[in-house]
1. Kindly check whether there is at least one residue in segment 385-395 that is buried (at least 19 other Cβ atoms within 10 Å of the Cβ), closer than 11 Å to Val330 by Cα and modelled with pLDDT under 95.
2. Any idea which residue in segment 217-248 is least open to solvent (accessible area, probe 1.4 Å), counting only those that are of a type in the set (Phe, Trp, Tyr) and more than 20 Å from Ser163 (Cβ to Cβ)?
3. Any residue at all in segment 338-361 that is assigned to a helix (DSSP H, G or I), among the hydrophobic types (A, V, I, L, M, F, W, C) and over 25 Å from Gly231 (Cα atoms)?
4. For segment 258-279, does any single residue satisfy the condition of being outside any helix (DSSP H, G or I), within 21 Å of Gly196 (Cβ to Cβ) and open to solvent by less than 40 Å² (accessible area, probe 1.4 Å)?
5. If you go through segment 36-72, how many residues are in a helix (DSSP H, G or I) and closer than 18 Å to Leu287 by Cβ?
6. Tell me, which residue of segment 396-419 that is outside any helix (DSSP H, G or I) and modelled with pLDDT under 90 is most open to solvent (accessible area, probe 1.4 Å)?
7. Looking only at segment 89-118, filter to residues that are assigned to a loop (DSSP other than H, G, I, E, B) and out of contact with any Leu (no Cβ under 9 Å at 6 or more places or on another chain); which one of those is nearest to Ile154 (Cα to Cα)?
8. Considering (1) modelled with pLDDT of 95 or more; (2) in a loop (DSSP other than H, G, I, E, B), say which one His77 fails and leave the rest.
Amino acid sequence: MLGIEWLESLANFEADRSVVPSSLESVRSAASVLGGTESGLRFIHVAGTNGKGSVAAAAAVLLGDMGFRVGLFRSPHLCRLEERVMIDAVPVAAERLDQELCQLAAMTEQKLVPQLTHFEALFVAALSVFSLEGCEIAVVEVGMGGRDDATNIIDAEVAVITSIGHDHLPQLGPELTDVLDHKLGIVHDGATVCIGALLPELRSIAMQRLALNPTIWIEDLAIERFPGVGGQEIVEHSPLGDRSFFVPLFGLAAAWNVVLAVLAVEALLGQRLSSERIESGLARLHLPGCFEVLRGEHILVVDTAHNPEAAASLGLTLVETFGSENSVGVVFGMSHDRDPSEFLRSLAIVDVEAFGLLDCGVSVPVLWKAATEVYPEARILDWSHELRSVGELIGSLGTEVVLITGSHCACGTVLCKDPPKLLLDES
């Protein structure tokens, strides 16, 4: 896998926040030489602080169920690099991705294209794969921000802004208005915009910025939810009429993300989808690490929430789904100098009986201090050097519900012990 080895040798912003991204001109030049920008692909481009991965995946699965050949670019991955580059809800073969990366590596060595970072090179290779494999539509998730992100070389017909939160303020801020400006940077002339709930002051700015773009505001809709076994029924009320559909996802945030995905698909296709079409299209949607419930000896919930806004949503969904009577243990690891105390306070679970701490960049002593501050009665276990199986570790918490959260690293520790799941639930 010489191409993937070359990719892993490149400067990687996800691992090192000091890495400086290339210019969009450099990324566009590389994509043009490799051929990925000349494919005639139609694009949905998804940005946002939280929810963009779920929205992108749901839109891709829905389009695929309607008969389109759909590429999906997402990040980061839980288990394998190929999870970031998917066609028809299946990760591309490592060998296929490696071929494109080998081509890009050779062109870079010959100075036919500029030197790129890890994320940029992977995106350029993904566009080429989508083109050569006959994709008609590509759904692209922004890496970070939007305006200056490598993915912004595409000219998307539909742009989605899921949310504006405080994560990445050091890189995109210092104010939320600056974050909004970065996200809105993916909106090109003529694009239709689907935009999630915003603070009133941000909505006012967005309305001014989007005056010349057809814009669908999710706040103009209302939904009711009826949680059930395996998911929830969503009843959507809009000026175009009511519709209802069951989705195999839990929680309020997931419901709004699904609605945003449906709106984006409708905007791209220029048609309103029926309740039956939506429910059928999303019936087998499965999002690893997005409030993923694994039942066995314990109820295991895996969620990649990694900032306070996502933690608050996760805590509410956990209580809604399982109530507050069960004993809870948390497997916890955070990355990139995030504040674990703020995360745990936002999670707002009434009582956590035990923690298993993982070193995912934020050291165990820092996590330990945060856990004891927020949950002084909890048992705390340092798992940073444990060599036992995941099952043994989870069993040692001794709780009825085990929540794995805080980062993709923490969730991957559990999920990657088995072959990674697809976006479609094959059961």
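The values are calculated or read from the model by the stated rules, or taken from the named source; none is laboratory data. None of these values were measured; they are calculated from a predicted model. In this analysis, Cβ positions are derived from the backbone assuming ideal geometry, glycine residues included, and neighbour counts consider all displayed protein chains. These area figures cover heavy atoms from the full protein model, side chains too; ligands, DNA and RNA do not enter into them. Shrake-Rupley method; radii C 1.70, N 1.55, O 1.52, S 1.80 Å.
1. Taking every residue of segment 385-395 in turn, at least one turns out to be buried (at least 19 other Cβ atoms within 10 Å of the Cβ), closer than 11 Å to Val330 by Cα and modelled with pLDDT under 95.
2. Restricting to residues being of a type in the set (Phe, Trp, Tyr) and more than 20 Å from Ser163 (Cβ to Cβ), the top hit is Phe245.
3. Looking through segment 338-361, at least one residue is assigned to a helix (DSSP H, G or I), among the hydrophobic types (A, V, I, L, M, F, W, C) and over 25 Å from Gly231 (Cα atoms).
4. yes
5. 14
6. Lys417
7. It comes out as Pro114.
8. Answer for His77: the failing condition is (1).
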